[in-house]
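One structure is given below, encoded as structure tokens.
The values are calculated or read from the model by the stated rules, or taken from the named source; none is laboratory data. The model shown is predicted, which means the values in this text are computed figures rather than measured ones. All Cβ positions, glycine included, derive from the backbone under ideal geometry; neighbour counts span all protein chains shown. Note: accessible area is taken over every heavy atom of the protein model, side chains too, but ligands, DNA and RNA are not part of it. Shrake-Rupley method; radii C 1.70, N 1.55, O 1.52, S 1.80 Å.
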Amino acid sequence: MNSAITWLQSAPPGAITLLTAIIGALVAVLVVVLTQWILGRRARTELLTSKLEELYLLLNQASSENVDRYEKLVVHLYRAPEETKPLPLDRSTYSLDLHKKIIMYVQLYFPHLKPTHVRMFQSNSAITDILYRAGTGEKPTESEIHAAFGSYGDYLRNMEDEIIQNRAILVKDAVLPRRYKVSDIHVPMPAQR
């Protein structure tokens, strides 16, 4: 302490002014860097929040389409032949465009959701198989249909649950590290043919 005071007393006349300017410049640079970091973090969080909201809406749409596909299938398989419309086998029947969007969001923005998404996608594949078989004249059993559509709905709810439980982690809004919570609703996969 005494050596610092001695140095200040014996310093050349411009040294203290120069030292003050250097300290001021370092503080200014630190403030700029810190401000840019905070603004970048806020912008990233806002972007990821909007993408997470879009993904959540896509999951709601997938849930609605799951009900529509189920109703079309039941009408096709179990109504009188004169009432039955042919089961269309097109992109909308399989929800391909919707699932491509969900894959994009998971792959690009939310890799934490990938394991849950893979299970959901596999469950949708079981529905696709049933729809294809029904569209080509085969008649899947009621238990297969209920298991596949129910499983898919459960996986959709699992993914929604993970999004809600882990929102801060997914949008990188957590200052302190948090543990990612995997949805605890476990659904058995329907048997594949």
Taking N as the number of residues in the range 48-171, what is its Cα Rg relative to 2.2 N^0.38 Å? 1.14
Any chance you could check the Cα centroid distance between the range 106-177 and the range 25-59 for me, in angstrom? 29 Å
Send over a whole-number figure in Å² for the accessible area per residue of the range 48-171, probe 1.4 Å. 50 Å²
Could you tell me the number of lysine pairs in the range 48-171 with C-alpha atoms less than 16 Å from each other, where the two lysines are 8 or more residues apart or belong to different chains? 8
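Got the relative contact order for the range 48-171 handy, in percent, Cα pairs under 8 Å and 6 or more residues apart?
Details: 90 pairs, mean separation 44.3, N = 124.
In percent, rounded to a whole number, it is 36.
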Tell me the net charge near Pro111. Cut-off is 14 Å between Cβ atoms, Pro111 excluded, with +1 for each Lys or Arg and -1 for each Asp or Glu. +2
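Let's see if you can work this out: charge +1 on each Lys and Arg Cβ, -1 on each Asp and Glu Cβ, no other charges. What is the dipole magnitude of the range 48-171 about its Cα centre, in debye to the nearest 20?
320 debye
Rounded to the nearest percent, how much of the accessible area of the range 48-171 (1.4 Å probe, protein heavy atoms only) is carbon and sulfur?
After summing per-atom areas, the C and S share lands at 56 percent.
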Count charges around Ser151 for me, please; just the other residues with Cβ under 12 Å from its Cβ, Lys/Arg as +1, Asp/Glu as -1. 0
